[in-house]
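What follows draws every value from the coordinates through simple rules; no lab data is involved. Every value quoted in this text rests on a predicted model; they were computed, and no experiment measured them. Heads up, the Cβs are rebuilt from the backbone with ideal geometry, glycines too, and the neighbour counts pull from every protein chain shown.
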Amino acid sequence: MENTINTSPAQTEKKKKILSCIQPSGIPTLGNYLGALKNWKLLSDEFDSAFAVADLHAITVRQDPQKLRKQIMEVLALLLAIGLDPDKSIIFIQSHVPAHSQLAWILNCYTQFGEMSRMTQFKDKSQSHADNVNVGLFAYPVLMAADILLYQADLVPVGADQKQHLEIARDIANRFNSIYGNTFTVPDPYIGKNGARVMSLQDPTKKMSKSDPNPKGFVSVFDAPETIMKKIKSAVTDSEGGVYYGEGKDGINNLMGIYSCCTGLSMDEIARDFEGKGYGDFKAAVGEAVVEELRPVRERYEQLIKDQAYLKQVAAKGAENASRIANRTLNKAMKKCGFVLP
Ligand code: TYM
């Protein structure tokens, strides 16, 4: 089937709005998928939605230009592969909409050094990239606030690791609104119940991350079924042996959370289904559930990534629709600050 695109604007004015973004800093993981992307698809049916590939955020750590270019298009294709519809949602590449950088500069001037210094992601990343603790890494949450506030988003679907960044976006919006009168919608985070924090398969006390040097720690959304099965089967668990949710059972809790997201079963239902069964059986079931969850995504992705012309068309239409909304908010904010608009 040939990919086609409708060129009429995607948004209506009435529904509530959601926006979220993902960095193109590697192949996304099962954590990205269950914590964020899956909810994007569900919410996109109900809300006016905009989703972006946050390429400006990605350069806060050093990127190989050739790889970055490739990854931006891969993540764009992934957004379509998870089922987002470019005729219903605005799907765009962040750097294609200059208003993001422009509003970020303005918001920098309404954000305190002390607030940014407390951000845990900044503290973590300045340790893991100690040779490149740049100002962009420090101001990263302000750019993220600009992303959100430009679209007057009511709701931002993210994983639990982004909660602190959402709080700062709310603080910045409230501060600006209290100085200049109502300018920005104050956004709420939308954090799903089970997939909010998918943990590493090798160290279930740490978040599953695409930058994990041990590839056994994460499932990538494009992993082949055999690889997924192998990784889940070698997940670190405990020596106790029972499939139930409990303290000190981080590995099993994590696998139960993953299984719950893929099957819709509650923790109690899972515990009941696997009563008297060993971890081997449970891991096999989790592996199969993940394979089936990701299979349609991978198959659709493989088609889409070959059609670069279509992807560029989606990005162009997304940038046009996103710019219209973003520029309206940017102009409003600039006027309030006292700028003379061109
Ligand atoms: P990023 O690219 O690290 O991750 C994209 C989304 O995936 C979620 N996530 C997880 N959820 C559950 N378990 C995990 N192990 C896991 N790992 C990642 C993240 O919470 C996120 O929702 N700063 C953002 C990108 C961004 C953004 C924005 C998000 C830029 N501008 C505006 C929302 C709104 C980030 O680095 O996500």
Pop a pseudo-label 7 angstrom from the Cα along the beta-carbon direction at both CYS337 and ASP238 and give the gap in nm to one decimal.
5.2
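With a/c under 1.5 counting as rounded, go ahead and sort the chain into rounded, prolate or oblate using the C-alpha gyration tensor (a ≥ b ≥ c being the square roots of the eigenvalues; past the cut-off, prolate if a/b is larger than b/c, else oblate).
Note, shape of the chain comes out prolate.
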Roughly what % of DSSP beta bridges within the chain run antiparallel, to the nearest 5?
10
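Let me check against my output: what whole-number percent is the relative contact order of the range 22-101, with C-alpha pairs under 8 Å and at least 6 apart?
45
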If each part is reduced to its alpha-carbon centroid, the range 63-117 and the range 222-262 end up apart, in Å, by 32
Mind listing the long-range amide H neighbours of MET199? Cut-off is under 5 Å, sequence gap 5 or more, other chains count too, H placed in the peptide plane at 1.01 Å from N.
MET208
Give me the net charge of LEU341's neighbourhood, meaning all other residues with Cβ under 15 Å from the Cβ of LEU341; Lys, Arg count +1, Asp, Glu -1.
+4
Quickly estimate the mean residue ellipticity at 222 nm for the chain, helices only: each DSSP H run with n ≥ 4 gives -39500 (n - 2.57), and the total goes over all residues, rounded to 500.
-16000 deg cm²/dmol
Find the relative contact order for the chain and round it to a whole percent, using C-alpha pairs within less than 8 Å whose residues are 6+ positions apart.
22
Among trypsin sites (Lys or Arg not before Pro) in the range 98-168, those in a DSSP loop whose Cβ has at most 16 other Cβ atoms within 10 Å are ARG118
So for R0 = 35 Å, FRET eff. of TYR180-ALA316 from the Cβ-Cβ r, to 0.05, ends up at 0.55
Starting from the Cα of GLU299, step 7 Å along the direction of its Cβ; do the same at ALA130; then give the gap between the two resulting points in nm.
4.9
Please give the Cα centre distance for the range 24-38 versus the range 161-208, rounded to the nearest Å.
16
For GLU288 and ALA224, calculate 0.36 nm times their separation in residues minus their Cα-Cα distance, and state this gained length in nm to one decimal.
21.9 nm
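Determine the relative contact order of the range 151-215: mean sequence separation of Cα pairs under 8 Å and six or more apart, normalised by residue count, in whole percent.
Numbers: 69 pairs, mean separation 23.6, N = 65.
Relative contact order for the range 151-215 comes out at 36 percent.
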Collect residues whose amide H, placed 1.01 Å from N in the peptide plane, falls under 5 Å from the amide H of ASP87; neighbours closer than 5 in sequence don't count.
none
Among LYS193/LYS283; LYS125/LYS317; LYS14/LYS38, the pairs whose Cα-Cα distance exceeds 29 Å are LYS125/LYS317
Under-5 Å amide H pairs with VAL156, H placed in peptide plane, nonlocal only:
ASP188, TYR190
Could you give each residue of the range 180-187 its phi-based ³J(HN,Hα) in whole Hz, using Karplus coefficients 6.51, -1.76, 1.60 with θ = phi - 60°, and x for Gly or Pro?
10, x, 4, 10, 10, 5, 8, x
Taking the range 300-342, which trypsin sites (Lys or Arg not before Pro) meet the DSSP loop condition and have no more than 16 other C-beta atoms within 10 Å?
LYS306
Unit charges at the beta carbon, dipole of the chain: most positive-side option, SER117, ALA333, VAL158
ALA333
Loop-resident GluC sites (Glu not before Pro) in the range 46-141 with no more than 16 other Cβ atoms inside 10 Å, DSSP not H/G/I/E/B, are GLU46
Karplus-derived 3J(HN,Hα), 6.51/-1.76/1.60, for each residue of the range 328-341, Hz, glycine and proline x
4, 5, 4, 4, 4, 5, 5, 4, 4, 6, x, 6, 8, 6
